[in-house]
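Read the structure below first, then the notes.
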Amino acid sequence: MPDGAVTEAPQKPGPEILTVGDYKSGDKPIWCPGCGDYGVLSAMYKALTSLQWQQQEVVVVAGIGCSSRTPYFMSTYGIHGVHGRSLPMATGLKLARPDLHILVVGGDGDLLAIGAGHFPHAASRNIDLTCIMMDNQTYGLTKAQSSPTSLIGHKSKSTPYGVIAKPMNPILYALSNGATFVARAYSAKPNDLAQIIAAGMRHTGFSFIHVQSPCAEFFNTYDYYDQRIEALPEDWDRHDLKGSIDLALTEEKVHLGIFYEEERASIERQAHEFEGEKQEFDLAAYLQKFA
């Protein structure tokens, strides 16, 4: 080696860059051709790729329904639980393992019918979860009954003369119950949806993402939403709760984007602050009180 020559130190290998393929399990989705859930799944892959979270750091929790098959198609950890119980399962997991990033996926039936009672508590507690609701306004898995978000007049196997109940408003439901991140997206725009999912997962607290995800087989609403979707104004104030509620109550268009975002302490962080006060429980002494 010539005198004075400078040699470079061997470079340590950098962290592996994860790609979309790394988040795929290898199991192929079995949804009907044209189902909006394909777009949502694609957006989830893209969101995780942008975040570069390791597969073992992420858990996808689902209940029952077409969209609830999602955990099978992810290379992350996953839970396919019982109907309507995805949010309490995810809450328990987050309290036990606050280091994990948890995605809850479900449909309008799973989250707003049998699971509707769990939604307000997850939102008001501000548990650090990202909840993605794939709304097709029908029960696709059980072959075309009306759902809590079906439009008035919609004829289905369970409403042959047309729906007469006012449809639930998922955005309003989330806002009024204390969710700290509320957004809407459209499965036919997966790139925009991926950005919203990534933003929701970066947010600390309960993030709710309402996705219009049409069912091409039983209630094809692609043309309906193609004509009605509109992005929120660029100057939209996402910190204005009253303004977001007013829009959710009065909107004529189907607005896409982040309606609301607020910083508030999440319950699992507050709960773990009590760990320093815990004491050993003396079972024998406790039972002696009742002797």
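Considering only S244, N169, L151, and ranking their Cα positions along the charge dipole of the chain that arises from unit charges at the beta-carbon of Lys, Arg, Asp and Glu, the one farthest toward the positive end is L151.
Think of it as helices only: each DSSP H run of n ≥ 4 in the chain is worth -39500 (n - 2.57), and spread over all residues that comes to -8500 deg cm²/dmol at 222 nm. Dimensions of the chain from C-alpha coordinates, computed as largest minus smallest value along each principal axis and given longest first, are 87, 79, 41 Å. Among A165, A199, A116, the residue with the largest mean-square fluctuation in a Gaussian network model of the chain, with springs joining Cα atoms closer than 10 Å, is A165. For the pair Q227 and Q145, label points projected 7 Å from Cα toward Cβ lie 3.0 nm apart.
Where does region 145-291 land on Rg(C-alpha)/(2.2 N^0.38 Å)?
Compared with the compact-globule rule of thumb, region 145-291 sits at 1.48.
Give the percent of DSSP beta bridges with both residues in region 20-274 that are antiparallel, rounded to the nearest 5. Intermediate values should be presented prior to the final figure.
Working: 8 of 37 bridges.
Antiparallel bridges make up about 20 percent of those DSSP assigns within region 20-274.
Within the same chain, lysines fewer than 8 places from K94 are excluded, and of the rest, none has a Cα less than 17 Å from its Cα.
Pairs of lysines 8 or more apart, or on different chains, with alpha carbons under 26 Å: count those in region 150-291, would you? Numbers along the way, then the final one.
Working: K155/K166; K155/K253; K157/K166; K166/K242; K166/K253; K189/K253; K242/K253; K278/K289.
For region 150-291, qualifying lysine pairs total 8.
When peptides 98-110, 267-279 are sorted by average Cβ neighbour count within 10 Å, with the highest value leading, the order is 98-110, 267-279.
Anyone know which of T250, T149, T204 comes out most mobile in the 10 Å Cα GNM of the chain? In this elastic network of the chain, the residue with the biggest mean-square fluctuation among T250, T149, T204 is T250. Net charge dipole, region 51-144: roughly 180 debye, given to the nearest 20, about the Cα centre with Cβ charges of +1 for Lys and Arg and -1 for Asp and Glu. Annotation: aspartates and glutamates with alpha-carbon distance below 12 angstrom to K28 (same-chain offsets under eight excluded): none found.
How large is the charge dipole for the chain, taken about the Cα centre, if only the Cβ atoms of Lys, Arg (+1) and Asp, Glu (-1) carry charge, to the nearest 20 debye? Result for the chain is approximately 1120 debye, rounded to the nearest 20. Only one residue of L193, I127, F218 has its Cα farthest out toward the positive end of the dipole of the chain, where Lys and Arg carry +1 and Asp and Glu -1 on Cβ, and that residue is F218. Largest GNM mean-square fluctuation across L112, L95, L141, computed for the chain with C-alpha springs under 10 Å, falls on L141.
No lab work stands behind these numbers, since they all come straight from the coordinates. Only a predicted model underlies this, so the values are computations on that prediction, with no experimental measurement involved. Methodologically, a virtual Cβ is constructed for each residue, glycine included, from the backbone with ideal geometry; neighbour enumeration extends over all protein chains shown.
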